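J.: Below you will find the structure I want to go over with you.
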Amino acid sequence: MRLGDLVSGLLFVLLGLAVLAYARSLPPVPGHFYGPGLFPSIIGWGFAIGGGFLAASALRAGPRGLPRFFSAPDWRAGSGRLLQVVLMFAAIAAFVLFGEFAGFAAIAFIALVAMYASAGRGWVQSIVIALGVTVGLQLLFGKLLGVPLPPGEVWSLLR
Amino acid sequence: MPLEQRELPMDYLLPALGLVFKPDTLFALLAASFFGFVVGVLPGLTATMAVALLVPITFILGPLPAIASIVAAAAMAIFAGDVPGALLRIPGTPASAAYVDESYRLTQQGRAGYVLGVNAVCSMAGGVIGTLVLIFAAPLLADWALKFSAFEFFWLSVLGLSCGVFVAGDRPLKGALALLIGLLISVVGMDYTTGTPRFTFGSSVLLGGVSFIPALIGMFALPEILRSILRGGESAALATRVVDEWRNVFASLFRYRRVSLRSSMIGTGVGVLPGAGADIASWISFALSKKLSKEPAQWGKGHIEGIVAGSSANNAALSGAWVPALVFAIPGDTITAIAIGVLYLKGMNPGPAVFINNADLVYAVFIVFLLANFLLLPFGWLAIRFARGLLAVPRAIIMPALLILAVLGAFAIDNDFSGVVIMVCLGVLAYLLEESGFPVAPIVLGIVLGKLVEQNLMQSLVSAQGNLLAYFERPISAVLGVATIAIWGYGLVRWMRRRPGAVGG
């Protein structure tokens with residue numbers, strides 16, 4: 001997805017105002033004009049002014065390379081590719097939501113098989129490559145580097 | 001320190017040798033070189049991405065092997081980026097883009113082995129020259145910087161931020177906004193003066209700030225994986241044979257030794273500037289060498305001179321970027337931005353005092369630099385033999401594996417999936433920003449420098465007692481302040497002078 005300079009400029013102005021409002025809510029240090037809110041306020045002013053300039057220059061110049069408001073050339077990539085993107089984010093979400101429960105290896109293996117198969121590999125090839133990558137990463141991080149990868153609570157329940 | 005007491009770099013180099021020649025350090029060097037080679041050879045994957053993905057692995061290593069692996073992976077990735085440039089006309093990393101046409105023309109003439117040899121030898125030469133500058137300049141600079149107060153450090157860090165926006169980017173306004181995003185990310189968490197939580201919105205995970213490494217992995221790996229899925233890009237078939245031509249390689253290096261030396265010096269200088277790294281170094285020295293060349297008619301037809309210039313400069317820039325990183329904790333490029341984070345974690349806090357507190361370690365790092373660059377030669381030899389096989393692996397196989405690696409890396413920092421959430425949020429943000437024409441490198445600069453700028457701003461405000469002239473009372477502080485204002489003036493003038501059709505950041 002692409003945002004035109006006018007839209008992104010205005011978004012930055014809004015962000016700047018929000019940051020400024022938040023910075024004002026931070027408690028000041030008694031007797032000083034500077035406190036924890038000073039630096040965020042500077043950032044907020046920067047967003048507001050910079051975003052304003054960006055939006056203004058977009059209005060003056062008209063579209064150039066970028067769309068005026070926004071465009072999404074990614075969506076033209078075809079349903080197969082979009083499915084792969086969905087699978088990619090689904091895999092990340094699965095790690096966050098079910099990582100402790102199902103364990104790293106199970107999720108990694110299923111996600112890899114799904115991504116390879118959706119990219120047009122045969123099932124056998126997908127499973128073989130996914131198995132290789134999963135075992136390799138599990139050994140590298142779990143054994144060699146000593147990262148406590150979640151083994152998955154579900155497996156101890158089954159036993 | 002009086003002049004006669006000052007020790008020579010050589011006095012440190014010898015004991016440091018003992019630290020370097022240990023199995024774990026040497027193994028880290030080799031393994032990271034191999035990893036950097038693979039990432040660099042794959043088109044679209046940058047040296048910064050190699051380092052970002054490597055950082056979680058460095059966590060369990062000692063300080064020296066950790067830094068050794070970063071240095072080696074970066075140096076090797078920048079060299080390896082030349083390989084697909086020569087064989088496929090696709091630069092493996094942006095730093096190889098400047099001379100990709102010259103390389104490919106030589107390949108079409110059946111001389112891929114010659115090009116790759118020159119790439120390896122010049123990368124090594126550039127890297128070694130950059131390292132020598134680092135070894136001799138950094139301690140002198142640090143000695144001088146020991147006298148700096150909060151005023152100087154405040155100006156220096158603002159100067160670093162300004163350079164990242166105005167010198168490095170061609171879109172200063174968008175660069176500045178990207179930088180502000182980085183600064184905003186850096187203020188999340190407990191305020192360092194009063195301990196007030198800021199922008200945490202009640203989350204206890206954010207109290208300690210946005211975890212840096214997951215953020216980096218997200219910003220550098222995720223957009224690239226996304227783009228690769230959306231736009232595709234299967235491996236291309238290679239037409240030519242690759243034959244060794246080492247005799248010609250060394251003859252060319254001798255013939256163009258001045259070009260290589262000059263480009264290495266330019267590359268080191270560009271590397272020292274915050275925000276500008278290997279990419280810009282190779283463009284500048286390629287363009288300059290073309291201008292100064294004695295054989296201008298040969299350029300564009302597969303002339304080795306430009307390849308010598310670019311290959312030398314981009315590896316030199318890597319070493320140059322470590323000068324401000326070690327001396328002032330101000331990163332010279334995105335790779336050192338990551339490296340600074342690792343240095344802090346390893347208790348080797350960058351700053352002028354590092355040359356006193358950790359002198360042995362610093363000089364051991366220097367030796368590691370030299371070794372990493374010497375490794376480019378055998379890897380160049382291997383590249384000529386095996387790169388074709390590596391390039392034949394479809395990207396559709398590599399990208400999902402890299403995604404899992406990125407998730408693992410983001411998890412492994414705190415052994416918590418909250419890092420993965422940070423990774424995916426910033427990854428999507430970086431993708432949207434890049435698509436909309438915003439550069440991502442200033443965000444990293446902002447995250448790294450944000451705390452430094454704020455701390456020095458608060459400290460200097462306290463000691464100035466409301467007298468803003470205090471920022472210009474100390475001589476070095478005044479010079480740095482004026483330089484900062486000059487850069488802003490230059491940026492504004494350049495921005496206003498643009499034709500209306502060319503505005504937009």
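J.: Does B:Gly320 satisfy the condition of being over 21 Å from B:Ala142 (Cβ atoms) and in contact with a helix residue (DSSP H, G or I) (Cβ under 6 Å, 6 or more places away or on another chain)?
T.: Numbers: over 21 Å from B:Ala142 (Cβ atoms): no; in contact with a helix residue (DSSP H, G or I) (Cβ under 6 Å, 6 or more places away or on another chain): yes.
Taking the combined requirement at face value, the residue does not satisfy it.
J.: Also: For the stretch B:68-106, name all the residues that are surrounded by fewer than 24 Cβ atoms within 10 Å (Cβ to Cβ) and either among the hydrophobic types (A, V, I, L, M, F, W, C) or at pLDDT 95 or above (or both).
T.: Listed by number, the residues that qualify are B:Leu88, B:Ile90, B:Ala97, B:Val100, B:Leu106.
J.: Looking at the stretch B:359-414, which of the residues that are in contact (Cβ under 8 Å) with a residue 24 or more places away in the chain, farther than 30 Å from A:Val85 by Cα and not hydrophobic (A, V, I, L, M, F, W, C) is surrounded by the fewest Cβ atoms within 10 Å (Cβ to Cβ)?
T.: B:Arg385
J.: Kindly indicate which of A:Val128, A:Val133 is crowded, with 20+ Cβ neighbours inside 10 Å and modelled with pLDDT of 85 or more. Please lay out each step first, then the result.
T.: Details: A:Val128 fails: crowded, with 20+ Cβ neighbours inside 10 Å.
It is A:Val133.
J.: Oh, and also: Restricting attention to the stretch B:471-492, which residues are under 17 Å from B:Ser157 (Cα atoms) and small (Gly, Ala, Ser)?
T.: B:Ser477, B:Ala478, B:Gly481, B:Ala483, B:Ala486
J.: Which one of B:Phe136, B:Phe148 is in a helix (DSSP H, G or I) and among the aromatic types (Phe, Trp, Tyr)?
T.: Numbers: B:Phe148 fails: in a helix (DSSP H, G or I).
From the options B:Phe136, B:Phe148, the qualifying one is B:Phe136.
J.: Further question: Just give me the residues in the stretch A:1-38 being without any contact (Cβ under 8 Å) to a residue 60 or more places away in the chain, more than 7 Å from chain B (Cβ to nearest Cβ) and among the hydrophobic types (A, V, I, L, M, F, W, C), in sequence order.
T.: A:Leu10, A:Leu11, A:Val13, A:Leu14, A:Leu15, A:Leu17, A:Ala18, A:Leu20, A:Ala21, A:Ala23, A:Phe33, A:Leu38
J.: Here is a further query. Return a yes/no flag: does the stretch A:54-65 have any residue that is at pLDDT 90 or above and among the polar types (S, T, N, Q).
T.: Scanning the stretch A:54-65, I find no residue that is at pLDDT 90 or above and among the polar types (S, T, N, Q), so the answer is no.
J.: Of the residues that make up the stretch B:173-194, is at least one among the β-branched types (Val, Ile, Thr), surrounded by fewer than 19 Cβ atoms within 10 Å (Cβ to Cβ) and within 14 Å of chain A (Cβ to nearest Cβ)?
T.: Within the stretch B:173-194, the first condition is being among the β-branched types (Val, Ile, Thr), and the residues that meet it are B:181, B:185, B:187-188, B:193-194.
Keeping just the survivors that are surrounded by fewer than 19 Cβ atoms within 10 Å (Cβ to Cβ) gives B:193-194.
Imposing the further condition that a residue be within 14 Å of chain A (Cβ to nearest Cβ) reduces the set to B:193-194.
Yes, that holds for at least one residue.
J.: Here's a follow-up. Does the stretch B:404-421 include one or more residues that are within 14 Å of chain A (Cβ to nearest Cβ), of a type in the set (Asp, Glu) and farther than 29 Å from A:Phe70 by Cβ?
T.: So in the stretch B:404-421, the residues within 14 Å of chain A (Cβ to nearest Cβ) come out as B:404-421.
Still in the running and of a type in the set (Asp, Glu): B:414, B:416.
Those left that are additionally farther than 29 Å from A:Phe70 by Cβ: B:414, B:416.
Among the residues of the stretch B:404-421, at least one is within 14 Å of chain A (Cβ to nearest Cβ), of a type in the set (Asp, Glu) and farther than 29 Å from A:Phe70 by Cβ, which makes the answer yes.
J.: On to the next question. Residue check: is A:Arg121 among the basic types (Lys, Arg) and over 25 Å from B:Glu435 (Cβ atoms)? Don't jump to the end; show me each part of the working.
T.: Numbers: among the basic types (Lys, Arg): yes; over 25 Å from B:Glu435 (Cβ atoms): yes.
So A:Arg121 passes the test.
Yes/no per residue for (1) touching a Gly at 6+ places or on another chain (Cβ under 7 Å); (2) surrounded by 14 or more Cβ atoms within 10 Å (Cβ to Cβ); (3) modelled with pLDDT of 90 or more:
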residue: B:Pro2; (1), (2), (3): no, no, no
residue: B:Pro9; (1), (2), (3): no, yes, no
residue: B:Tyr12; (1), (2), (3): no, yes, no
residue: B:Leu26; (1), (2), (3): no, yes, yes
residue: B:Leu45; (1), (2), (3): no, yes, no
residue: B:Leu53; (1), (2), (3): yes, yes, no
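The values are calculated or read from the model by the stated rules, or taken from the named source; none is laboratory data. Everything numeric here is computed off the predicted structure, so don't read it as measured data. Heads up, the Cβs are rebuilt from the backbone with ideal geometry, glycines too, and the neighbour counts pull from every protein chain shown.
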